[in-house]
1. Within region 106-113, can one find any residue that is buried (at least 20 other Cβ atoms within 10 Å of the Cβ), more than 16 Å from the chain's Cα centre (by Cα) and not in a strand (DSSP E or B)?
2. What are the residues in region 62-97 that are more than 21 Å from residue 38 (Cα to Cα) and not in a strand (DSSP E or B), if any?
3. Give just the number: which of (1) touching a residue at least 12 places away in the same chain (Cβ under 8 Å); (2) out of contact with any helix residue (DSSP H, G or I) (no Cβ under 7 Å at 6 or more places or on another chain) does residue 108 not satisfy?
4. Pick from region 46-65 the residues that are within 21 Å of residue 157 (Cα to Cα) and under 13 Å from the mean Cα position of the chain (by Cα): which of them is surrounded by the fewest Cβ atoms within 10 Å (Cβ to Cβ)?
5. Collect the residues in region 13-31 that are out of contact with any strand residue (DSSP E or B) (no Cβ under 8 Å at 6 or more places or on another chain), part of a helix (DSSP H, G or I) and in contact (Cβ under 8 Å) with a residue 60 or more places away in the chain, keeping them in residue-number order.
6. Can you work out which of the residues in region 151-167 that are in contact (Cβ under 8 Å) with a residue 12 or more places away in the chain and loosely packed, with under 15 Cβ neighbours inside 10 Å is farthest from residue 36 (Cα to Cα)?
7. Keeping to region 1-45, report how many residues are within 30 Å of residue 132 (Cα to Cα), out of contact with any helix residue (DSSP H, G or I) (no Cβ under 7 Å at 6 or more places or on another chain) and either surrounded by 15 or more Cβ atoms within 10 Å (Cβ to Cβ) or modelled with pLDDT of 95 or more (or both).
8. Across region 114-130, which residue is surrounded by the most Cβ atoms within 10 Å (Cβ to Cβ) among those that are touching a residue at least 24 places away in the same chain (Cβ under 8 Å) and assigned to a helix (DSSP H, G or I)?
């Protein structure tokens with residue numbers, strides 16, 4: 001874990017569809033708001049646009065650990081079985097607004113029998129702005145990290161099988 005890493009959380013679930021039917025970027029950049037909300041009670045809204053450089057962007061709004069986050073996920077790798085998104089995410093806390101960096105990585109690998117193993121990995125990092133935000137409040141980074149990890153990990157663990165089921169539904173429709 002880097003000295004700025006807040007969380008590195010990864011969970012897997014089974015997708016009951018063959019790998020050649022899986023298209024994670026198509027799923028991600030066409031996910032309806034009701035499907036997104038169905039993947040976690042913490043999910044508020046989802047939308048899509050492009051970054052200034054033309055890359056696809058998913059905008060996700062959710063609440064984790066009592067803080068509302070607006071994530072501006074820009075596609076950095078977009079293969080049918082592997083999607084990596086990076087976001088300088090806005091975090092709204094009771095003491096103000098700040099930013100953290102989040103890398104969201106989704107992948108699927110064939111495990112035979114027409115099934116895939118889906119992996120949902122989320123890594124978050126403190127930005128300079130975030131470290132200043134904590135320092136102004138007298139909160140040591142290590143203390144914040146240890147308190148934030150359980151909520152972030154629990155969120156990822158609960159949404160992973162629901163993301164897998166949503167990807168499976170899309171794969172079987174196609």
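The values are calculated or read from the model by the stated rules, or taken from the named source; none is laboratory data. Just so we're clear, the structure is a prediction, and the values are computed from it rather than from any experiment. For neighbour counting, all protein chains shown are included, and Cβ atoms are generated from backbone atoms with ideal geometry for every residue, glycine included.
1. No: zero hits.
2. Residues satisfying the conditions are 80, 81, 94, 95.
3. (2)
4. This residue is 59.
5. 21, 26, 27
6. This residue is 157.
7. Final tally of qualifying residues: 5.
8. This residue is 130.
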